[in-house]
Structures are given as C-alpha cells and as structure tokens.
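Everything below concerns the one structure shown next.
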Amino acid sequence: MKNKFLLSFWQWTLLLTLLLCTVFATETLVQNEHQYARSLQFRHEIASAGQLRALIESELNIPLYLTLGLTAHIQANNGKISETEMQMLLPELAHQARHIRNIGVAPDNRLSYLYPLKGNEQAIGLYYPDLTEQWPEIAAIIAQREARLVGPIDLIQGGTAFIYRIPVYLGADNYWGIVSTVVDIGSVWNMLETQTAEQEVQVAIRNLSELGHGGTVFYGDRSLFYDDSLLLSISLRGALWQMAVRSVAKPRDNSGEIRLAAYSASLLLLTLLTWLLISRQHLRNSVSAHQQSKLYLRNMMDNVTDAIITTTQDGIIEQVNLSCYPMFGYSANTLPGMHWSELLAEPHRLDELYSTTSSAKTEYETQGRRRDDSLFPMAVNRSHIRLQQQTKQLLVLRDLSDRHQTEQLKQQFISTVSHELRTPLTSINGVLGLAVSGALGELSGSQLRMLQLAQTNCQQLTALVNDLLNVERIASGTLSVQLRAVELQPLISHCLEQVRLLHPGIKLQLNCPPELQSVVVNADAAHLQHVLQHLLGNAVKFSPAGGLVSISINRHGEQVRIQVEDEGEGVAEHFVPQLFSRFSQADSSDTRTHAGTGLGLAISRSLVSQMQGSMGYKPAQPHGSCFYIDLPYNATLQPQ
C-alpha cells in the first residue's frame, strides 16, 4: 500500500535543488572571502614593493652621484690630478656612502688610484683590456659615453660586488680614463633583508634584458618569478632589474566559520521546508479524500454545478438536475414541459446553435435568460442519448460569468503587472543600494554579503520586468533608440569585466585585430551593451565549468561583426528556426536545467534591428554556440 505521506518526486527534486543551491551559494561566499583576503595581501605586497624599490634605487644611486662628482672634478682640472689629491678625495667620497667598498681611478684604462688600498692591493696596476671577460662590456661603456651599473661581478681581489663605471672624456672626443665605484653587495643585501623581515615579504631580484626577458636571479628564491608573486622593474643607471615580491603572512581564512553558519542555517531551513511539504502532502490527501466523498454525495443527489437537461427530439424539457433551477431563477419542478429555447436570450438562433453543436465535443457560447429577464454568458454542450428505446437530447449548460470575469482580470493583470511591479522593485533596489553603500550604517561582512545577494536578485527581477516592458514597447513601437558613434572595444571590455565579476569560474577572452581596436559604429550604447551582456550571460550559463567564452570583432564585408562563442552543447538543430521567437525555449518543462523567459533573444534581435543591424546564430566549431551581431561599418565615424 502506498504511503500517503511520502513526498512526491518533484518535492524531493525541490529539496535536492535547494540543497545544491545552498552548497553553491556557500562555496561562492567562501571563494569570495578567499579572493578578498588575497586582495588585502596583494595591497600589502604593492605597498611593500614600492618601498623596497625606492630603497634599493636610492641606496644604489648615492654611490653613482658621488662618482659623478669625482668625474666632474677630473674634467674641471682637465685630467691633471695628483696622487696627493686623489688620496684626499677618495677617502672623503668613500665615507659619504654606506655601501662603497672601494673607489678606483684608471687613467688610460689602467687602475692607478684606489681607496681603500688595504685588501685591494692586487687590483693596483690592473689594465682593463687584460680582463678578457669584462673588457667587451667596458669597451661598450666607453663607446657609449655613459655611466653603467654592472654586476654582480667576481672581483680579482676576491668576492662579488656591483660596479659603477663612468668613462671620463675631456672635451668632445678626448677619452681620459674610467672611474669605478665598487658597491658592497653584502651590505646592500643585509639592508634589504632587514626591510623584508620588517614588512613580512619575500623578495627575489634578477637581471632583465631590454626586450623584457628574465635573466639570472642574483638575490632570493628564483621560484618567486614563476608563481603569483608581484613583479616590478627597478631602473638604475645603465642597469635594468626585475623584483618579485610575495607576502609571507598567510591571508585570513574565515571559510570554516562561513561554512558552519551557512550550512547550519540551511539545514534548519531545509528541515523546516521538509516538515512543511509533508504537512502539505497530508493536507492535500485529506482534501482529496474529502472531495471524493463530496463528489460521491453530489452524484448520488444529482447536485452538480452545471445545469443538465434532457429533452425530447423537439426540445421539450423532460428532466433537469437541481442546479438548473437556481441558475435560471425558477422554482423547483417548474421547468419540465417548457421548450428549452425559452432559457436562451436569442431563441431565434436555435438552428445556428444546433448546427454548431452537431459534434458532442463542440461548445457553443451564447447568453442565457433568467426568469427575471436578466442575461448571463452561458456555454452549451449538446449530445444525444438513447433512453427506453427513444432518442433524447442531453444538454449541459454552464454559467460563464466567473470565467469571463477571470479572463477580464487576467487581461488587466497582464497589462498592468509590469508597471505596477517596477515601482516597488525600484524602491527596494534603492534601499538595498543605500544599505550596501553604507549610507544606512556600518554593516558586518556577512550582512553586507547577504544584502549584496538580495540586491543582485532584485536587479534580476527588475531586469525581467524590464524585459516585459521592452516587449510591450517593441510591440507598440514606442521603444526609443538613440544612435550615435560608439567605440566598440571599450564597450565590450566593460561588458566582459561585469560578466567576469559575476562568473569568476569561466574564462573570458576578447579577440580583436589591431586595425579594429579603435573601430566605431553607429549604435545606441546602452541597448548594445544590454544585448552583449545577454549574449555573454547565455554563453556563460550554457558553458561547462572552466569553459572558454570568447568574443571577437571582425570585418564581414561592409559590416562589423561581433561574435560570442561558447564551448557548451550548442542549440538543437530542430530548434534553430524558433531561436529568436518570443517565449520560445528549447526546454520549456518545469524541470529544465536553465531558467529563463524566452524573451532575451527576441528583444536583442529587435534592438539590433532598430540599430540598422542584424543578428544571427551558427554552430561553433568543434562544438558550442556562436551568436553574431552585424552592424554597418563607417570609417568616417569618430567617437563622441
């Protein structure tokens, strides 16, 4: 025996759907929380990276400025300097910067003066052309007549360091020699380690070619350049470095608290909903049993709602049920013997009624006349039955007053619902916007996310109402379209950013050839953006998780074509002719996977048509859907 209180299939489906929606919403909140924590960490990395870059550039530029001062002094004395003078100047310059290991002066490319001399004795008398590995770079510096920071370099006297080399020219072409400042690399790295420890970041530095290719990593962990670390360049005189910065502090993780709160609340709500569904099923079973009992009694007592009349072949009433008397205002037992046409408002159209109701399944609508001569809408069904070897006429008369009133209310509702819904929705959306923006007071993180979710749903409902209004305006020809010059790429990029914020799990890609990056079309920017967002939203909705949605701009004859492609299952071939019809959906059942009204594509095509364009569909290769918009191309248009 079937359990009367067992939930039905659709009720179990509803509970499962709500459970899946709860899991999806909760995990979306967790993902948003992770993204927010990562954004805070990224801000910290940006601030720390700026400070560290400024520190490195300032500390390494001080030796350069001192060396430039020494070069200027040599040029001012026309290259005539004495050893005594060098012994006075070099110590003074070396003591003015923290990271100078030694300063050397090499007239005619031979290192003749060096401070401090202690520990660097092996370098005195060094002739730069004898440095087989370093001389090509030194020669390039001399030829280019510019100061350059090189390194790290292995020194002859031992150790590694950075070296500022400045060629000294007396006059236009009179090369005098080189001034070199050796920067203590250990001192610089100690300073950098202190700063990174204070700011809780990891740093790595490498050389960067003029083409932007990474070179050798000479400080820090090279793996920082191959993850999501922040990268920025450091520009010094004649040297280009790249620095990678990553925070060592772990971002906050509130996912456990979010999941606990969300799943607890969802479990409570699902439990309550299950109890309500079971109670409803119990109530429905009780009502059904009551209705069956009531129907049985009504059949037994011949008390149905419609008037049932049996007549002779000539139309003389023989029997009526009890409902017939109050319908026509007659007292009991007064109708038999009358011709049934006396119950009609227009008895002279009896032949037309007979002709129309020659089939038992045909219903004829006319007007009935009560005893007090008042009229009411009535439907007549007629058939013939055999009773006691005689043919009788069976008439079923139904009062249509309630149906007509319902139809009238339905028409009034359809014509006013969109306008009546728009005002409260606008107010609700406005209040939610004020709350989300903080105008109504400070909100906690969870409160803000709930209000944002409510605002999103309200906006979706507003969009649905707007679709209904747009259908009405398009049908009446009152939809306003303002054509003006619109630059395509910024408009499409804005649409992609909005979709990317709502669907972070889908890959979005814009393909535009260089010659069309500044293309301008004559269109209504707001309506075109609405159409593109609808196409992108459909592409995302029907794409698999992690799928790619691409939008491209191309020339197509005398048109500019915008294509939106996805990697979903595509549109069934038999449904393509109905794709742009109103209220048409490939799956219109109550259990369909994707919700919708079937209005979006019809509205979009109408809007594009009013912008003097066209819209169509073709299958994507190897699979998926491709919707395209063709707009007239005019090379003389300029953006406004």
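The values are calculated or read from the model by the stated rules, or taken from the named source; none is laboratory data. Please read all numbers here as calculations on a predicted model, not as lab measurements. A quick note on method: Cβ atoms are made from the backbone with ideal geometry, for glycine too, and the neighbour counts reach across all protein chains shown. Ligands, DNA and RNA are excluded from the accessible area calculation, which covers all protein heavy atoms including side chains. Shrake-Rupley method; radii C 1.70, N 1.55, O 1.52, S 1.80 Å.
Having 1 or more residues that are buried (at least 18 other Cβ atoms within 10 Å of the Cβ) and among the small types (G, A, S) is the bar; report the strands (runs of 3 or more DSSP E) wholly within the stretch 92-191 that clear it.
It comes to 100-107, 160-170, 174-184.
State which residue is modelled with the highest pLDDT when the search covers only the stretch 124-160 and only residues that are acidic (D, E) and over 55 Å from the mean Cα position of the chain (by Cα). Before the answer, list the steps.
Just the residues of the stretch 124-160 that are acidic (D, E), to begin with: 130, 133, 137, 146, 154.
Then keep just the ones that are over 55 Å from the mean Cα position of the chain (by Cα); that gives 130, 133.
Numbers: D130: 85, E133: 81.
That would be D130.
Failed condition for T26, given (1) crowded, with 17+ Cβ neighbours inside 10 Å; (2) touching a strand residue (DSSP E or B) at 6+ places or on another chain (Cβ under 7 Å); (3) β-branched (V, I, T), with all others met?
(2)
Tell me, yes or no, whether the stretch 297-306 has at least one residue that is touching a residue at least 12 places away in the same chain (Cβ under 8 Å) and open to solvent by 80 Å² or more (accessible area, probe 1.4 Å). Spell out the reasoning first.
As a first pass, look at the stretch 297-306 and keep what is touching a residue at least 12 places away in the same chain (Cβ under 8 Å): 301-306.
If we keep only those that are open to solvent by 80 Å² or more (accessible area, probe 1.4 Å) too, we end up with 301, 305.
Checked the stretch 297-306: at least one residue is touching a residue at least 12 places away in the same chain (Cβ under 8 Å) and open to solvent by 80 Å² or more (accessible area, probe 1.4 Å).
So which residues in the stretch 32-73 are closer than 20 Å to I142 by Cα, surrounded by fewer than 15 Cβ atoms within 10 Å (Cβ to Cβ) and aliphatic (A, V, I, L, M)?
Listed by number, the list holds a single entry, A72.
Criterion first (closer than 30 Å to A244 by Cα, touching a residue at least 60 places away in the same chain (Cβ under 8 Å), part of a helix (DSSP H, G or I) and over 28 Å from the mean Cα position of the chain (by Cα)) does R38 satisfy it? Can you show your working first?
Numbers: closer than 30 Å to A244 by Cα: yes; touching a residue at least 60 places away in the same chain (Cβ under 8 Å): yes; part of a helix (DSSP H, G or I): yes; over 28 Å from the mean Cα position of the chain (by Cα): no.
No, not satisfied.
If you check S39, S48, S58, which single one turns out to be small (G, A, S), out of contact with any Phe, Trp or Tyr (no Cβ under 9 Å at 6 or more places or on another chain) and more than 30 Å from N254 (Cβ to Cβ)? Outline the logic, then answer.
Details: S39 fails: more than 30 Å from N254 (Cβ to Cβ); S48 fails: more than 30 Å from N254 (Cβ to Cβ).
Being small (G, A, S), out of contact with any Phe, Trp or Tyr (no Cβ under 9 Å at 6 or more places or on another chain) and more than 30 Å from N254 (Cβ to Cβ) holds for just one of S39, S48, S58, which is S58.
Checking L335 against (1) aliphatic (A, V, I, L, M); (2) under 60 Å from the mean Cα position of the chain (by Cα); (3) in a loop (DSSP other than H, G, I, E, B), which single condition isn't satisfied?
(2)
Of the residues that make up the stretch 74-89, is at least one buried (at least 16 other Cβ atoms within 10 Å of the Cβ) and among the acidic types (D, E)?
No: zero hits.
Scan the stretch 358-391 residue by residue and report those that are surrounded by fewer than 14 Cβ atoms within 10 Å (Cβ to Cβ) and β-branched (V, I, T).
Residues satisfying the conditions are T362, I385, T391.
Output the residues belonging to the stretch 506-535 that are crowded, with 20+ Cβ neighbours inside 10 Å and in contact with a Gly (Cβ under 8 Å, 6 or more places away or on another chain).
Across the stretch 506-535, the qualifying residues are I506, A523, H534.
List the pairs whose first member sits in the stretch 321-338 and is under 13 Å from L397 (Cα atoms), whose second member is part of a helix (DSSP H, G or I) and modelled with pLDDT of 85 or more, and whose Cβ atoms are under 8 Å apart, counting only residues at least 6 apart or on separate chains?
Pairs found: F328/L343.
Tell me yes or no: at least one residue of the stretch 231-240 is modelled with pLDDT of 85 or more and open to solvent by 60 Å² or more (accessible area, probe 1.4 Å).
Scanning the stretch 231-240, I find at least one residue that is modelled with pLDDT of 85 or more and open to solvent by 60 Å² or more (accessible area, probe 1.4 Å), so the answer is yes.
Residues L432, L425, L469, L409: which one is at pLDDT below 70, among the hydrophobic types (A, V, I, L, M, F, W, C), open to solvent by less than 50 Å² (accessible area, probe 1.4 Å) and assigned to a helix (DSSP H, G or I)? Please lay out each step first, then the result.
Working: L432 fails: at pLDDT below 70; L425 fails: at pLDDT below 70; L409 fails: open to solvent by less than 50 Å² (accessible area, probe 1.4 Å).
It is L469.
Of all the residues that make up the stretch 76-91, how many are closer than 18 Å to G177 by Cβ, touching a strand residue (DSSP E or B) at 6+ places or on another chain (Cβ under 6 Å) and part of a helix (DSSP H, G or I)?
The number of residues fulfilling the criteria is 2.
For S8, indicate whether it is closer than 30 Å to L273 by Cβ and among the small types (G, A, S). Walk me through it before giving the result.
Working: closer than 30 Å to L273 by Cβ: yes; among the small types (G, A, S): yes.
Taking the combined requirement at face value, the residue satisfies it.
Taking only pairs six or more apart or across chains, which ones have beta-carbon atoms under 9 Å, a first residue in the stretch 249-275 that is under 17 Å from F24 (Cβ atoms), and a second residue that is at pLDDT below 80 and of a type in the set (K, R)?
Pairs found: none.
Just give me the residues in the stretch 313-357 being at pLDDT below 85, open to solvent by 20 Å² or more (accessible area, probe 1.4 Å) and β-branched (V, I, T), in sequence order.
T356
Those residues that are under 21 Å from A161 (Cα atoms) and either more than 60 Å from the chain's Cα centre (by Cα) or free of Cβ contacts under 8 Å to residues at least 12 places away in the same chain (or both), I need them from the stretch 93-116; list them, please.
Filtering the stretch 93-116 down to residues under 21 Å from A161 (Cα atoms) leaves 93-106, 109-116.
Matches in the stretch 93-116: H95, G104, V105, A106, N109, R110, L111, S112, Y113, L114, Y115, P116.
Just the residues that are more than 17 Å from G151 (Cα to Cα) and touching a residue at least 60 places away in the same chain (Cβ under 8 Å), please, taken from the stretch 175-191.
The answer is W176, G177, M191.
State all residues of the stretch 192-212 that are hydrophobic (A, V, I, L, M, F, W, C), open to solvent by less than 30 Å² (accessible area, probe 1.4 Å) and not in a strand (DSSP E or B); if no residue qualifies, say none.
Passing the criteria: only L192.
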